[in-house]
């Protein structure tokens, strides 16, 4: 009989949202009296009414204690509430640090480092949405970067040959190549070799002709870098050059190479009677001090 009344009292407590518990005691020091219920049903109800306010105070104490729990971020070592750690792997990387990782990924155009710093698990799209607060522009930027990375792994990926056009697609190798028009820049070209050629010309013939023309232009308009042999075009300016591939400084006239800017600049001036140029306005002088004075007077700073 006692067990039946106990079960019934718990059931009533669940329905009425007034807990009827046996031997309940609050863990808070200033609220330590125990509530014991008699097995009689009427006594249970009376005691529950008297203790309902006490139980509410106990539970409010418990809720406050949970809310103030802080977790330390493994990256920045600041402490935040649990809501600031969105990773499904449950490792402690806060939203602020993860947002910085997203910003770097967009700047570098690479999602390679978008992963948990502890277990190296890739951050998925759901986690990204939480990190950036569902910002559609950021989500789209990351999506475009991920798609570009995917295309790099595909041997049948093709890119529009027009300069600054970002259109890309996957070539269906089961179909014959055909002339297509880019949906972005409207340039017309072959879907396979990316050269605009007639139906009677094969892709191999078009590529051979194009390569010949390119090689002739490179031969007539560029010089190979003395260090890495990359073709370099000189449109104007002094004989001091710097290769973008190997970052070496060299003299355009004689090909001497150095890691030091000043050595090549002085060599071009002394050996080839070269001029120092102001790249902001085109002012030139053989005297480097005169050029410095000009830059300070005209532009407020000197870069020589």
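So residue 240 ticks every box in (1) surrounded by 13 or more Cβ atoms within 10 Å (Cβ to Cβ); (2) in the same structural domain as residue 189 (by TED's automatic domain parsing) but one. Which box is left unticked?
(2)
Give the residues of the stretch 155-164 that are touching a residue at least 12 places away in the same chain (Cβ under 8 Å) and surrounded by fewer than 15 Cβ atoms within 10 Å (Cβ to Cβ), sorted by residue number.
Step one: of the stretch 155-164, the residues touching a residue at least 12 places away in the same chain (Cβ under 8 Å) are 156-162.
Matches in the stretch 155-164: 156, 157, 159.
For the stretch 76-90, how many residues meet the condition of being more than 16 Å from residue 125 (Cα to Cα) and surrounded by 15 or more Cβ atoms within 10 Å (Cβ to Cβ)?
So the count comes out to 2.
Can you tell me how many residues in the stretch 170-184 are touching a helix residue (DSSP H, G or I) at 6+ places or on another chain (Cβ under 8 Å) and either more than 8 Å from residue 156 (Cα to Cα) or outside the structural domain of residue 202 (by TED's automatic domain parsing) (or both)?
Going through the stretch 170-184 one residue at a time, the tally reaches 1.
Quick check on residue 88: is it within 25 Å of residue 69 (Cα to Cα), part of a helix (DSSP H, G or I) and touching a residue at least 12 places away in the same chain (Cβ under 8 Å)?
no
Does residue 140 meet the test of being modelled with pLDDT of 90 or more, outside any loop (DSSP other than H, G, I, E, B), in the same structural domain as residue 76 (by TED's automatic domain parsing) and farther than 27 Å from residue 74 by Cα?
Taking the combined requirement at face value, the residue satisfies it.
The values are calculated or read from the model by the stated rules, or taken from the named source; none is laboratory data. Source: prediction; values computed, not measured. Note: ideal-geometry Cβ built from the backbone for every residue, glycine included; neighbour counts use all protein chains shown.
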